[in-house]
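The block underneath contains the structure these notes are about, expressed in structure tokens.
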Amino acid sequence: MDRRTSLIVREVCRLIIPAVMLFALYVQFHGEYGPGGGFQAGVIFAAAVILYALVHGRQKAQQILPTNTVVRFIVAGILLYAGVGVTTMVMGGNFLDYDVLLHGHQQAQHLGIFLIELGVGITVGAVMIAIFYTLDEFSE
Amino acid sequence: MDIETIVNFSLLTMLALTVVVLIRMKSLLAIVLSSGVYSFLSAGLFVAMDAVDVAFTEAAVGAGITTVLLLAAISITGRRQTVSKHKRFLPLAVITITGAALIYGTLDMPPYGDPMAPIHTHVAPHYLTQSSEEIGIPNVVTSVLASYRGYDTLGEVAVIFTAAVGVLLLLGRTAKKGEHK
Amino acid sequence: MIADYFNYWVVIVLMMMGFYIVISDSNLIKKIIGLNIFQTSVFILFISMSKVKGGTAPILIAETDLYSNPLPHVLILTAIVVSVSTTALGLAIIARIHRAYDTVDETAIHEQDDLQDDN
């Protein structure tokens, strides 16, 4: 995609993309108190990257976020999730039983939920970006 | 009729109309965009039914990412639909019979919004009354998703991971290298 | 009576229209869109069942103790994200089919297959 996009589209995206990324982080870390969580945050973050790729071309986006890095993030997210489960088992609890992570019961739950939501967000966002890159690459 | 019912009725009617229009369309571009409209209307309906988390996801995923992926796909396959003559009678008969059977089935369902429906009396009250003590976060959907049923969610993430692996294997660089053209 | 069951009936109408697209249309991309319509109608069915009259979203606040059922929300929330992944997988398969047959029309694909069988 190396067609020229209009000035208006480029400038509006310059304004929107940072806000969308910031909103994705807000949704990720505020999911315990309001609507949101890892699934939504990952998708919104991916939407920001895809918007950038649509406006400036996929190659430009891949210079910042190469396909290999995205694939590593896919694996990292799911490993973080399963890793929390394995850690709780090693520490003597059941799989994904957060209570053994910390002393306070609710603090342990908070930490566990925070970590696995982070894993979900990383995997979902990276999967969406990777799928878009691959489909777009194939269309050439 | 209160305002909630009116919103509910009009959104459902608009959803049905969108699909009727979509079936009759020939241009794939228009079809993809109306499926985005359909997703966005259903996100609005989810808000009207108090499912804010679901509405959020549907708006971002269904109306956003799915539409972009479908657009990318029709940029590969071409946006014009080749019209081929089809028998319409058999499919219409099939959906009429199936639909009639399903509507007969709904008559045994609990009425919409009934607080005494079986679904609300089993495990949900435990989540709603105990989760502030057991988990300590206000969003019950997050507590169920990430703590009570964290194991299920791990499975869902694995499904998404597998789908990505499938797409990368089908279309990725290795797939291109293996081709003899 | 109508207000009690209207949601379920519209869900079934949407479901059947999605199903109709899947079985009657020969374009593979349109079939995928039909499947998406079918899927979303199932989501609406689940969320309709979770609704409690007079309730609010399941985010705990001090003012009320009447909330809609959070469990279907969790199921559907994850199902939506899974549905986009499966859609992407279907589109990837269609892209490969397009490369092999140069068409995404089911009838045309069957014709090419028949020609190949005859040779």
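No lab work stands behind these numbers, since they all come straight from the coordinates. This one's a predicted model, so the numbers in the text were calculated from it and none came from an experiment. When we count neighbours, we look across all protein chains shown, and the Cβ atoms used for this are built from the backbone with ideal geometry, even at glycine.
Odds and ends about this structure:
- Crossing angle, helix A:105-138 versus chain A [Cα axis fit, 0-90 degrees, rounded to tens]: 30
- Inter-chain Cβ neighbour average for residues A:25-36, partner chain, 10 Å: 5
- Stokes-Einstein diffusion for the protein assembly as shown, with the hydrodynamic radius set to the Kirkwood value over Cα pairs and evaluated at 25 °C in a medium of 0.890 mPa s, equals 106 µm²/s.
- Listed from fewest to most Cβ neighbours within 10 Å, the set B:32, A:55, B:21 follows the order B:21, A:55, B:32.
- Computed about its Cα centre, the charge dipole of region A:7-138 is approximately 480 debye, with only Lys, Arg, Asp and Glu carrying charge at their Cβ.
- Lysine pair number, Cα distance threshold 18 Å (strictly under), the protein assembly as shown, separation 8 or more or different chains: 8
- Chain B: DSSP helices with Cα axial extent of at least 27 Å and average Kyte-Doolittle hydropathy no lower than 1.0: B:3-24, B:28-48, B:150-171
- Overall size of region B:130-176 from C-alpha positions, given as principal axis extents largest first: 54, 15, 10 Å.
- The mean of 1/r over all distinct Cα pairs in chain C, once inverted, gives the Kirkwood hydrodynamic radius of 17.2 Å.
- With the biggest extent put first, the Cα atoms of region B:12-171 measure 61, 43, 25 Å across the principal axes.
- Choice from B:157, B:68, B:54 with maximal GNM fluctuation in chain B (Cα, 10 Å cutoff): B:157
- Angle between chain A longest axis and helix A:38-56 axis [Cα atoms, degrees, rounded to 10]: 20
- Geometric extent, Cα atoms of region B:1-81 - Rg, Dmax (angstrom): 14.3, 49
- The angle separating the long axis of helix C:70-101 from the principal Cα axis of greatest extent in chain C is about 10 degrees.
- Whole-number D in µm² s⁻¹ for chain A, Kirkwood Cα-pair radius fed into Stokes-Einstein, 20 °C, 1.002 mPa s: 130
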